[in-house]
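What follows is a single structure, written as structure tokens, with notes after it.
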Amino acid sequence: MSRRRRLAAGTVLVLTSGGALVWQGAHRQVPLYQEAVVRDAYGVLTPVAPGRTADGWLPLSADPGTVPLEVSLLGARAAADQVWLTSGWLPEEGHPHAGLARDALRDLHTLTAPAGSPPGAVLAGASPAWQFVWPRDASFAAAAYARSGHQQEALATLVLLQDLQAPDGSMQARYLPAQEGGVPDDRLPQEDGPGWALWAAREVVEHGADGAEATTLTPLITRSTARLLDRIDPGTGLPLPSPDYWERPEEKLTLGIAATSLMGLEAAAALYADSSVPASAWVGAGVDPEGLSERAARLRSRIVEEFGPGFPRHAGGRPDAAVTFLLPPFVEVPVAGADRARLRSQGAQLRPAGGLAPGAGWHNDGISWTPETALQALAAAHGGHSEEAERWLDWLADHRTVTGALPEKVLHDGQPAAVAPLAWTAALVVLTLRP
């Protein structure tokens with residue numbers, strides 16, 4: 001996909017809350033690809049172009065003979081969507097972020113299983129380069145659905161991941177939204193996928209109504225656990241290097257891979273302790289379930305030894321948003337020192353508009369990323385920092401498109417940019433508001 005990019009002249013100095021000056025390089029300009037996404041009468045995703053608001057606009061065909069039927073179908077879909085929204089959790093009327101939550105849930109629902117894709121296919125976004133299923137984004141969507149009372153969508157999302165997962169438990173960086181599990185390019189597999197899937201499976205099982213979720217997801221749970229264990233280097237006690245959510249080749253272990261391996265093993269241990277998965281299924285996957293808690297505890301200790309106390313992207317390196325993965329809701333008990341490191345790291349990741357970059361080593365282009373900013377809100381909300389969480393939520397709410405969609409990026413001047421809405425950010429907002 002072609003993207004227009006140009007560098008604007010000028011640099012700025014930003015004074016962080018800690019009093020440090022952060023030098024920002026040239027500002028990169030990225031267009032806003034759409035202000036919203038809707039579905040036409042036949043369920044096909046239809047982006048709303050910038051400058052064309054969704055108010056009073058309908059995605060109708062050019063055939064006047066079918067327009068009355070299309071209008072009727074769109075009206076029925078709008079009513080069904082409203083019923084779906086009100087069937088689950090929503091903030092109380094008058095809550096300062098009630099509108100933000102509604103818009104996030106509505107957009108997440110719109111991006112889930114559109115025409116041409118199987119049930120449970122959560123597309124990252126509506127633009128061509130985002131219309132794929134990322135295991136990470138799908139896992140967050142499943143957790144958000146589970147916590148907001150939409151268990152059917154939560155389970156379907158993970159069942160699709162289960163169908164797409166390789167027999168050895170590995171997962172690709174992203175998949176074509178189809179049951180056969182093709183991949184759109186030659187990106188390397190990302191070994192954080194099994195960890196994300198296990199965390200999400202625990203969320204879905206814990207918030208399920210009848211316990212059938214664990215039975216349905218047993219292959220995903222056991223295969224993912226076996227994969228994480230197989231990739232721990234017996235010499236170091238740490239996972240082998242792999243690309244993570246930055247989606248670039250890595251020769252050294254990143255915090256993102258280490259942290260997601262920990263969250264996955266701790267989730268697996270909890271699922272075994274709760275008798276959610278029968279012992280025979282673990283053994284069949286080559287996993288000793290009795291040793292899961294000990295293996296997870298050893299990995300936790302090794303992560304503290306290798307990455308503490310600052311928990312950078314690489315041992316001895318610079319701050320990274322993955323420090324949030326070492327905190328609730330991803331792990332039950334915060335990793336020692338991780339929250340302190342999270343707060344310290346914000347200054348190095350701060351961008352001119354007030355949001356954050358994925359890490360201090362990310363492109364110095366002035367762009368804030370909404371997923372990494374929302375990760376701070378999530379960690380703050382689940383870590384007892386309610387005022388901080390509110391500040392990040394305020395920032396996210398203030399930098400949406402005119403239709404209320406959460407974009408992927410925010411430029412140095414505060415303008416939303418790139419794809420909107422982004423499923424990952426929408427799910428993070430729901431999880432922040434629904435601890």
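Bear in mind these aren't lab numbers, they're just calculated from the coordinates by the rules spelled out. A quick note: this is a predicted structure, and the numbers were derived from the prediction, not measured. Virtual Cβ from ideal backbone geometry, glycine too; neighbours counted across all protein chains shown.
Summary of computed values
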item	result
Whole-number percent relative contact order across region 151-299, with pairs defined as alpha carbons under 8 Å at least 6 apart	24 percent
Nitroxide proxy distance, nm - points 7 Å out along Cα→Cβ at Ala178 and Glu290	4.7 nm
Within a Gaussian network of the chain (alpha carbon springs, distance under 10 Å), most fluctuating of Gly65, Gly354, Gly256	Gly65
Within the chain, helix-based [θ] at 222 nm, where runs of 4 or more DSSP H residues each add -39,500 (n - 2.57), nearest 500	-13500 deg cm²/dmol
Linear extension gain, Ser87 paired with Val304, 0.36 nm per residue minus alpha-carbon span	73.9 nm
Net lengthening on full extension, Ala297/Arg102 (0.36 nm per residue, minus Cα-Cα)	66.4 nm
Under the Debye formula (equal points on every Cα, no solvent term), log10 I(q)/I(0) of region 94-242 at q = 0.09, 0.13 Å⁻¹	-0.29, -0.58
The chain, relative contact order in percent, only Cα pairs under 8 angstrom and at least six apart counted	18 percent
Most fluctuating residue given options Ile257, Ile367, Ile232, as computed from a GNM of the chain linking Cα atoms under 10 Å	Ile232
Virtual spin-label span in nm between Asp185 and Ala115, 7 Å along Cα→Cβ	2.8 nm
Cα gyration tensor category, rounded, prolate or oblate, for region 126-183 with a/c compared to 1.5	oblate
Of the DSSP H helices in the chain, those whose Cα atoms cover at least 24 Å axially and whose Kyte score averages 0.0 or more	67-87, 255-273
With at most 12 other Cβ atoms within 10 Å, longest stretch of the chain clear of loop trypsin sites (Lys or Arg not before Pro) (DSSP)	6-251
For region 206-348, with +1 on Lys and Arg beta carbons and -1 on Asp and Glu, the positive-most of Ser275, Ser242, Val333 along the dipole	Ser242
Exposed-loop-free span, longest in the chain, where chymotrypsin sites (Phe, Trp or Tyr not before Pro) count as exposed if DSSP calls them loop and at most 15 other C-beta atoms lie within 10 Å	90-435
Residues Glu332 and Ala209, FRET efficiency given R0 of 25 Å [Cβ-Cβ distance, rounded to 0.05]	0.70
Full-stretch length increase - Leu73, Asp394 - with 0.36 nm per residue and alpha-carbon distance subtracted	112.0 nm
Relative contact order of region 144-227, defined on C-alpha pairs under 8 angstrom at six or more residues apart (%)	36 percent
Candidates Gly383, Gly264, Gly193, ranked by Gaussian network fluctuation over the chain, Cα under 10 Å, top entry	Gly383
